[in-house]
Amino acid sequence: SAVIERKLIQTAEQSAAGQVGAAASQGLAASGVTVVPGSIRVLMPDGSVATMDLDEYLKGVVPREMSPAWPAEALRAQAVAARSYAITGAGHADAGADVCTTTHCQAWSPVHYDTTDQAVEATSGVTARYEGNVIRAFFHAHCDGHTRDSEAVWGGQVAYLRGVSCPCGFTSLY
């Protein structure tokens, strides 16, 4: 009995370690980012890298990721998610950039809107955190009434990426 129990515990620990390892290999583990930088390096469409004030960059992201006409609280939430996402990745380190201007990272344009600019300004410096680290705040445009746990999407367990019901009214992903 004790041998079987030890084997079950060992198997569970190995499985958990494998999931955490899978998460880490995909850039989903703790970011280690605890300080919000003032600027970000952006890979531009022409291949150049522009260093921008972080909030200025976000003013070009938020209206590309959601409608500027949406409720102010939703725009503020998007600004926090976009800020957290932007500073926890180095998706273009080979080019000397942190992010690009496409959906590979976050859509960006130099066009600004008052509503989204206000959302970025109202949340300046605010990030989503887990255990003191800024989280890799993934976001998406559509679900089927329920989001997914990280292991159902990427194969690795991340404590802060848990599925929740969504009141969106959709019942299909397509």
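The values are calculated or read from the model by the stated rules, or taken from the named source; none is laboratory data. These numbers were taken from a predicted model, which means no experiment stands behind them. With ideal geometry, Cβ positions are generated from the backbone for all residues, glycine too; neighbour counts draw on all protein chains shown. Protein only, heavy atoms only, side chains kept; ligands, DNA and RNA dropped before computing areas. Shrake-Rupley method; radii C 1.70, N 1.55, O 1.52, S 1.80 Å.
Here are some notes:
- Relative contact order for the range 93-174: 20 percent, from Cα pairs under 8 Å spaced at least 6 residues apart, divided by residue count.
- Column: log10 I(q)/I(0), Debye, Cα scatterers of the range 98-159, q = 0.23, 0.29 Å⁻¹: -1.28, -1.24
- Charged neighbours of ALA77, selected by a Cβ distance under 15 Å, balance to 0 (K, R count +1; D, E count -1).
- Mean Cα-pair separation over length for the range 30-154, i.e. relative contact order, pairs under 8 Å, 6 or more apart, %: 32 percent
- By average C-beta atoms within 10 angstrom, highest first, the peptides 59-67, 160-168, 96-104: 59-67, 96-104, 160-168
- The range 20-174: C-alpha gyration tensor shape, a/c 1.5 cut-off, then a/b vs b/c: oblate
- Solvent-accessible area, 1.4 Å probe, carbon plus sulfur percent, for the range 69-161: 53 percent
- Estimated vicinal HN-Hα couplings, Hz - the range 95-103 in sequence order (Karplus 6.51, -1.76, 1.60; Gly, Pro = x): 9, x, 10, 8, 9, 10, 9, 10, 5
- At full extension, ALA93 and ASP46 could sit 15.3 nm farther apart than now, given 0.36 nm per residue minus the alpha carbon distance.
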